[in-house]
Amino acid sequence: MTVIPMQKFRWREASLPDLVSVSEIQLVVHEAFPEDEDVLADRLEMSPEGCFMLEVGGIAQGYVLSHPWIRRAPPSLNAVLGEIPATADTWYIHDLALLPETRGSGAGGNVVPLLAEIARSEGYHSMSLVSVNGSRGFWERQGFSVRMDEQLASKLASYGEDALYMERSLA
């Protein structure tokens, strides 16, 4: 596998025309639990300031979808949310997906500070996510820590066996 050098990628704001690329990438990265296109569109429409595409040479190689949400209550997988709850108290990273050839380039770690800056500017003091596909180590290197309990474990069963709820303070 060829790894893309760090200086060759760029993150840009995502928009609805990017849905085709987002859908194609998630079918590769999350083949065991893909989400419907209307779910992906929902995230883009709900919080466009938290959604970005990763490009390498003008070609989509990854994406991140994030939005305000409620701590310790991650949304169900493949569910349209419709709107941000009035009680939102964390910046939730719904998905950070990179094609295999882009992993190890630094692109994933490069977008997390951008998301943290957005979250802070929106008044949030934490970020949260569900780690899947063995990504716990990556997220720990980004300052996240596991915050699991029995209720969360039950809720996250649909995310896969290794799913973990994680949080990071922005204070």
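The values are calculated or read from the model by the stated rules, or taken from the named source; none is laboratory data. None of the values given here were measured: they were computed from a predicted structure. Cβ sites come from the backbone with ideal geometry, for glycine too, and all protein chains shown count toward neighbours. We work out accessible area using only protein heavy atoms, side chains counted, and drop any ligands, DNA or RNA first. Shrake-Rupley method; radii C 1.70, N 1.55, O 1.52, S 1.80 Å.
Would you mention how many residues in region 100-119 are under 21 Å from D18 (Cβ atoms) and either under 13 Å from the mean Cα position of the chain (by Cα) or modelled with pLDDT under 95 (or both)? Final tally of qualifying residues: 12.
If you go through region 120-135 and keep only what is over 13 Å from the mean Cα position of the chain (by Cα) and either of a type in the set (A, V, I, L, M, F, W, C) or not in a strand (DSSP E or B) (or both), you end up with R120, S121, E122, G123, Y124, H125, G134.
Residues of region 147-171 that are open to solvent by 40 Å² or more (accessible area, probe 1.4 Å) and either farther than 21 Å from H30 by Cα or among the polar types (S, T, N, Q) (or both): R147, M148, D149, E150, Q151, S154, S158, R168, S169, A171. Taking the stated definitions as given, is L170 under 17 Å from S66 (Cα atoms), aliphatic (A, V, I, L, M) and under 15 Å from the mean Cα position of the chain (by Cα)? Against the criterion (under 17 Å from S66 (Cα atoms), aliphatic (A, V, I, L, M) and under 15 Å from the mean Cα position of the chain (by Cα)), L170 does not qualify.
Checking each residue in region 83-94 for being under 15 Å from E45 (Cβ atoms) and either part of a strand (DSSP E or B) or at pLDDT below 95 (or both) picks out only H94. Considering only residues in region 9-28 that are in contact with a Gly (Cβ under 9 Å, 6 or more places away or on another chain) and open to solvent by 20 Å² or more (accessible area, probe 1.4 Å), the one that is nearest to P100 (Cα to Cα) turns out to be F9. If you go through region 97-113 and keep only what is of a type outside the set (G, A, S) and within 15 Å of F9 (Cα to Cα), you end up with L98, L99, P100, E101, T102, R103, N110, V111, V112. Residues in region 96-116: is at least one part of a strand (DSSP E or B), without any contact (Cβ under 8 Å) to a residue 40 or more places away in the chain and touching a strand residue (DSSP E or B) at 6+ places or on another chain (Cβ under 9 Å)? The answer is yes; a qualifying residue exists. As for region 118-136, it holds at least one residue that is closer than 23 Å to H30 by Cβ, in contact (Cβ under 8 Å) with a residue 24 or more places away in the chain and among the charged types (D, E, K, R). For region 47-74, which residues satisfy the criterion of being of a type outside the set (F, W, Y), in contact with a strand residue (DSSP E or B) (Cβ under 8 Å, 6 or more places away or on another chain), open to solvent by 10 Å² or more (accessible area, probe 1.4 Å) and within 26 Å of V146 (Cβ to Cβ)? Result: I70, R71, R72. In the set (1) over 24 Å from E117 (Cβ atoms); (2) open to solvent by 60 Å² or more (accessible area, probe 1.4 Å), the condition left unmet by P34 is number (2).
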